[in-house]
Every structure is written in C-alpha cells, then in structure tokens.
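The values are calculated or read from the model by the stated rules, or taken from the named source; none is laboratory data. Since this is a predicted model, take the numbers as computed values, not measurements. Note that we place each Cβ from the backbone using ideal geometry, even for glycine, and neighbour counts take in every protein chain shown.
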Amino acid sequence: MSVHRFITIGAAASLIPGLALAQTRITPAVVFADAAPPMKLIMALLLVAALAAIIVTVLKVMSGPRLTGGSTYLQALRLGGPLIGLLGAAYNGLMINIGIANSSNPPPYAVLAPGVAEAAFIFVLGLIAGVVAVICNWIVEARIDRAVLRS
C-alpha cells in the first residue's frame, strides 16, 4: 500500500467517533480528548453557552433597575441547548452505526464504548446547558417581577 492510502484511511478513521480505541478507564476528559473535531466543537459550545448564561444572569441581576438585554439569549439556550446536545448525540450514534456496518467483523463493545460515552456526554452537556438556562431565566424573570412590582 502507498503512503497516500494509509493517510487517507487514517484521516477517515479519525472522523468516525464511534470506533475510538477503548481505554481501561474512561473519564469525561478522556471522552473529550478522543472525540471527533465536530463533537469537540459542540461540547465546547455547550459549555461556553452554559457559562455565558450564568454571566448574563449575574450582570442582569447586578444592573439594578436597568433590565436590558440577555433574556432572549437565556430563552433561546433554554430550548436550544438540549436540542443541540440531542443532535450531536444522534450524529454520533449514526457514525457508530456506519462504522459497525462498514466493518467486516462486528467490533466488541469495549471498542464501541468510547463512542457511546461520547454520545451520552454530548447529550448530558446539552441537558446541563438547558437546565442552567432555565434556572437563570427564572432568576431574571423574578428580578423583572420585583422591579415591576416596586414601581
């Protein structure tokens, strides 16, 4: 085989998240490190979105009577976070099934476990982002209600 073919096979294998090498101990850091680049991007975006929701809430509560901006972001993340997590998990599951279908022998579950853990991790991150946004939205709405009742 030529070097070009090895590079092509290696590049294709790196994009299939479901066929990652099984390790003896899987942690969230290992799941993130073994994830395909699009999945790493989704994971990072969900974490940043959850942190941004907390920052928006703190800034909005500290702003006093000026309650401008941020509510739309919280409402969008409340609905979009779980959907983005579900989309990432579904894509990962699809890639796992494509990898299984394209292999001549069915791989053992120990080989598939990192991909399944990655799909579950993405889904959980989406749920966390959504829950954080819901709680932050409740805090902001309570602040708005208090400001309206005072006037």
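Some points to look at:
- Looking across the range 142-151, just one residue is surrounded by 13 or more Cβ atoms within 10 Å (Cβ to Cβ) and either among the basic types (Lys, Arg) or under 26 Å from the mean Cα position of the chain (by Cα) (or both), and that is ARG143.
- Some residue of the range 105-122 being modelled with pLDDT of 90 or more, outside any loop (DSSP other than H, G, I, E, B) and of a type in the set (Phe, Trp, Tyr): yes
- Residue in the range 40-52 that is touching a Phe, Trp or Tyr at 6+ places or on another chain (Cβ under 9 Å), buried (at least 20 other Cβ atoms within 10 Å of the Cβ) and not in a helix (DSSP H, G or I) present: no
For every residue, the table says whether it meets (1) in contact (Cβ under 8 Å) with a residue 24 or more places away in the chain; (2) of a type outside the set (Gly, Ala, Ser); (3) surrounded by fewer than 19 Cβ atoms within 10 Å (Cβ to Cβ); (4) part of a helix (DSSP H, G or I).
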{"position": "LEU86", "(1), (2), (3), (4)": "yes, yes, yes, yes"}
{"position": "ALA89", "(1), (2), (3), (4)": "yes, no, no, yes"}
{"position": "MET95", "(1), (2), (3), (4)": "yes, yes, no, yes"}
{"position": "ILE100", "(1), (2), (3), (4)": "yes, yes, yes, yes"}
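- Residue count for the range 24-39, restricted to those that are outside any helix (DSSP H, G or I) and either crowded, with 16+ Cβ neighbours inside 10 Å or within 12 Å of the chain's Cα centre (by Cα) (or both): 3
- Among the conditions (1) modelled with pLDDT of 90 or more; (2) within 22 Å of ASN137 (Cβ to Cβ); (3) of a type outside the set (Lys, Arg), the only one that ASN92 does not satisfy is (2).
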